[in-house]
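The values are calculated or read from the model by the stated rules, or taken from the named source; none is laboratory data. Please read these numbers as outputs of a predicted model, since none were measured by experiment. Here the Cβ is made from the backbone with ideal geometry for all residues, glycine too, and neighbour counts use every protein chain on show. Ligands, DNA and RNA are stripped out before the accessible areas are found, and what is left, the full protein with its side chains, is counted by its heavy atoms. Shrake-Rupley method; radii C 1.70, N 1.55, O 1.52, S 1.80 Å.
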Amino acid sequence: MNDRRVLIVDDEPDIRELLEITLGRMGLVTESAANLSEAHAQLDAQAFDFCLTDMRLSDGNGIDLVRHISTEHPETPVAMITAHGSMDSAIEALKAGAFDFVSKPVDLAQLRNLVDQALRLQPMADGLGGGGTQLLGESAAMQRLRKQVTKMARSQAPVYISGGSGSGKEVVARAIHEQGPRSTGPFVPVNCGAIPSELMESEFFGHRKGSFTGASSDKEGLFQAANGGTLFLDEVADLPLPMQVKLLRAIQEKAIRPVGSQQESAIDVRLLSATHKDLARLVEAGDFRQDLYYRINVIELKVPSLKERAEDIPLFVAEMLARLAREYGGEPPEVSTAAMDALKSYSFPGNVRELENILERAYTLCEDDCIKEGDLQFSPAAQAGDAERYLDAPMEQIEADASSGQPTRAMPSPDDGSLEDYLESIERHKITEALEATRWNKTAAAKRLGITFRALRYRLKKLGME
């Protein structure tokens, strides 16, 4: 770090000296300014790798310096020193473009960690393709989204990712994580709606042995698992109100207290959240705390629906079919012109996830290595018809097997579990019968079942029968 240069802006000589000593011990070259005027002069005279500024200065507000650096020196991350407990000021600084904030009295360990993360930021031009998660698409909406992701990756501000169900909010969250200074740390996604309310505090904050019945050992929570990295709260609107209060405190204090513990533990986590619901309306209805809403919604990033980026559909189709071919073997099928036109004109209420499901189904149904329009089965009516045919086919096969002398197994009852489990058990049952009847000749079994060899291979892999 010997060649890294830091600008310290504070009107208190003692604070400036303390910060200079602390950063100097990290091997950083420091320059200092007592006010806004001196800071502007320093910035005009030389380039800095990082800037640390106080909120209140003798000739103005540190927020103005943050805005100036974000506009005129966007490659220089800047952090704000705020008064203890002044969360509103910290949020204002983050919205103005600050990388992060630290509260007075300054915790030197926390400060060193903050500086270290800021100096790990990559140049903005390099961030567009950084990380393993790629945001596909060349539409104007996707180009704009990638630029926003790159910018947000250069901040520690909480980001609220909004967008329809299936639009790719978790993919965007991963891209923000991977392009930022926390990319070497963990990315921990959690679906808030999937955690039972009675277990939520333990899941998020961990617990100590003996803190409740069944707590046979210490357990770390999601915040601790994400320490040094990113915690992504998907469907954050599903958090119950009591848990919202505890989450708010964890965000404000940057500390959590495990269930059964008397002490708080400091955490270093960047928080990203998402939901397909309208959080603002939930706040108005009293179902989501307004103070928490403002804490997690420091910056909002809207993920465009698939309908808004319809010109990217051919690119999505090519990538998804190539992935399916890699997973199940063989070459990706072609897509007829009529099928591609139908995909481009479809509304996709389920967004990218629905496109994946449609293509996965078409991949198994198509013949002659070509997906035709009829293989897509868009409408609910068509899908319902497909389900009926699926249910009818096993019964016809059972009758055929019975008349040919083939042994038939007892069929599962639809009352035994969910419809999905019932359908899967039927599929497994009939595939097994066909394979046994053909002495495990997959080509003959596929012909016997009336499906393509690719479809059989896909189903075997899906059901774990290979």
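When both bridge partners sit in region 189-323, DSSP labels roughly 25% of those beta bridges antiparallel.
Take the Cβ atoms of S58 and L119, set R0 to 22 Å, and the FRET efficiency comes out at 0.20. For the chain, the solvent-accessible area with a 1.4 angstrom probe is 49 square angstrom per residue. Judged by the mean number of other Cβ atoms found within 10 Å, the most tightly packed of the peptides 258-269, 220-231, 287-298 leads the ranking 220-231, 287-298, 258-269.
Available extension along the chain between D14 and H73 is 18.5 nm, counting 0.36 nm per residue and deducting the alpha carbon span. Between region 217-277 and region 312-377, what is the C-alpha centre distance in whole Å? The distance from the Cα centre of region 217-277 to that of region 312-377 comes to 39 Å.
Using 16 Å as the cut-off for backbone N distance, which residues of region 318-343 belong to the label zone defined by a point 7 Å from the Cα of F453 along Cα→Cβ? Correct set: 328-333. Residues of region 53-83 falling in the label zone of A47, defined by backbone nitrogen less than 18 Å from a point 7 Å along Cα to beta-carbon, are 69-78.
Our helix-only sum for the chain, with -39,500 (n - 2.57) per DSSP H run of n ≥ 4 divided by its residues, gives a mean residue ellipticity at 222 nm of -14500 deg cm²/dmol.
Separation of the alpha carbons by more than 31 angstrom is noted, of K151/K254; K147/K461; K209/K462; K302/K372; K246/K461, for K147/K461; K209/K462; K302/K372; K246/K461. For S345, neighbours were defined as the other residues whose beta-carbon sits under 15 Å from its Cβ, and their charges (Lys and Arg +1, Asp and Glu -1) total -3. For K246, neighbours were defined as the other residues whose beta-carbon sits under 10 Å from its Cβ, and their charges (Lys and Arg +1, Asp and Glu -1) total +1.
Charge tally around S217: other residues with Cβ under 11 Å, Lys/Arg +1 each, Asp/Glu -1 each, net +1. Treating each Cα of the chain as one equal point scatterer and applying the Debye formula with no solvent, the log10 of I(q)/I(0) at q = 0.07, 0.09 Å⁻¹ comes out as -0.51, -0.76.
Please identify every one of the trypsin sites (Lys or Arg not before Pro) in region 88-120 that sits in a loop by DSSP and has no more than 16 other beta carbons within 10 Å of its own beta carbon. Sites meeting the loop and neighbour criteria: R120. Gain on full extension, evaluated as 0.36 nm per residue between T443 and D278 minus their Cα-Cα distance, stands at 54.4 nm.
Heavy-atom surface analysis with a 1.4 Å probe gives the chain a carbon and sulfur content of 48 percent of its accessible area. Residue ranges 190-197, 212-219 sort as 190-197, 212-219 when ordered by packing (mean number of other C-beta atoms within 10 Å per residue, highest first). Would you mind getting me the FRET efficiency between A255 and R326? Use the beta-carbon distance for r and R0 = 45 Å, nearest 0.05. My answer for the efficiency is 0.50.
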